[in-house]
Amino acid sequence: MKCAYCGNEAKGTKEHIISCAILDLFPECYITFDNARHTSHESDPMVKDVCAVCNNQRISYIDSYAKDFIAQYFTKKYREDDLVEVEYDYVMIQKMLLKYAFNDMRSHKWDCSFFEQEIIHYLMNEEDNVPKDNVTVMCGVAINVSPVPDAMFGNLKLRWCKDPILYANSTIRNIDYNTGQVYLNDNIEIEKFEDLAVSYLFKFNSVQFLLMCWNKESDKIKQNNIVLECQYPYHLMKAEETKAVLPICTDESNYHHFEHIHVRWDGLFEVGLMRKYASGGKFVHKEEYEKEWVKEEQKIIKEHPRGKK
Ligand SMILES: [Zn+2]
């Protein structure tokens, strides 16, 4: 086997697609749903084309950062009125998402030509810490603002997908406030970004990251970043920044359908508010269900302790 990182011939070792240390934070999510292969299983998502040296010595510093970052801020759930401020290292966030995307793409045998020498060097070397201008990262807090409990669609705290759908306009045409009727937009457009090479969306419990990788020679990156920053309810992470207050990036629909990224002005945000006010300001039944679910999770964790997998 040729190692995906160093290129040397070696025996392949099991590399977690999302680092094992992050999976360890959520032992209740013990089932892997593999939609691409139409299967589910109890082992962790893996790829087996990394040599032992790269896996254990060269790229593991990324996992340590990733685990600390997620553990510090996102193992807990947030409410709509919480202020979520994070301290972050932009280079490490870029590396973490690039690594996971690269792992996932290899596991599907997709075209990995974006991950050429320079990006591989960036990932393999902790001291290579000049952020990549052709990689954009956006970040937002995922909060279930819908009336539907989280677990109703499965225990889906950790999710990732290639090619998320970025909308260009609202999914709602208008709302009749007298009757509460919602009129859907029958002319929904998808935003096209020029020179986009790879895009991914990651959800780690209460945070979502959007990763956009642009062709290196592109002169559209600045323009694309402006569109992204203005159009979506995510924070555009920056190399010169160390702290950020993260916006809520989910509405009542795409909290559950996470691969759909709605525009900031999507009517769904308002539909959610209207629904909540109509229910007296809170979703009583959802809250009761979720209290019970927390107890259920504790049982699941006991029944499925995470060992070496
Ligand atoms: Zn290697």
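Ranked for footprinting exposure by Cβ neighbours inside 10 Å, fewest first, MET96, MET152, MET138, MET105 give MET152, MET105, MET138, MET96. Taking all Cα pairs closer than 8 Å and separated by 6 or more residues, the relative contact order of the chain comes to 21 percent.
In this structure, GLU292 and PHE153 have a Cβ-Cβ separation that, at R0 = 22 Å, corresponds to a calculated FRET efficiency of about 0.85. With the highest mean first, a sort of the peptides 207-214, 122-129, 86-93, 185-192 on other beta-carbon atoms found within 10 angstrom per residue produces 207-214, 86-93, 122-129, 185-192. Taking other C-beta atoms within 10 angstrom as a stand-in for reagent exposure, HIS262, HIS257 fall in the order HIS257, HIS262, fewest first. Going from the fewest other Cβ atoms within 10 Å to the most, the residues ARG159, ARG306 appear in the order ARG306, ARG159. Taking R0 as 22 Å, what's the FRET efficiency between MET46 and ALA10 from their Cβ-Cβ distance, rounded to 0.05? Computed FRET efficiency for MET46 and ALA10: 0.85.
Pairs exceeding 20 Å between alpha-carbon atoms, taken from LYS192/LYS216; LYS14/LYS132; LYS11/LYS48; LYS76/LYS299; LYS76/LYS157: LYS14/LYS132. When a/c is below 1.5 the answer is rounded, else prolate if a/b is larger than b/c, else oblate, so apply that to the chain with a ≥ b ≥ c taken from the square roots of the Cα gyration tensor eigenvalues. It is oblate, given that a/c is not under 1.5 and a/b is not larger than b/c. First check a/c for segment 117-156, with a ≥ b ≥ c the square roots of the eigenvalues of its C-alpha gyration tensor; if it is under 1.5, answer rounded, and if not, answer prolate when a/b is larger than b/c or oblate otherwise. Prolate. Is the shape of segment 18-151 best called rounded, prolate or oblate, per the rule: a/c under 1.5 gives rounded, else a/b larger than b/c gives prolate, else oblate, with a ≥ b ≥ c the square roots of the Cα gyration tensor eigenvalues? Here segment 18-151 falls in the oblate category.
All of the numbers you see were taken from the coordinates with simple rules; none came from a lab. Treat the numbers as computed from the prediction; the structure is a model and nothing was measured. Note: ideal-geometry Cβ built from the backbone for every residue, glycine included; neighbour counts use all protein chains shown.
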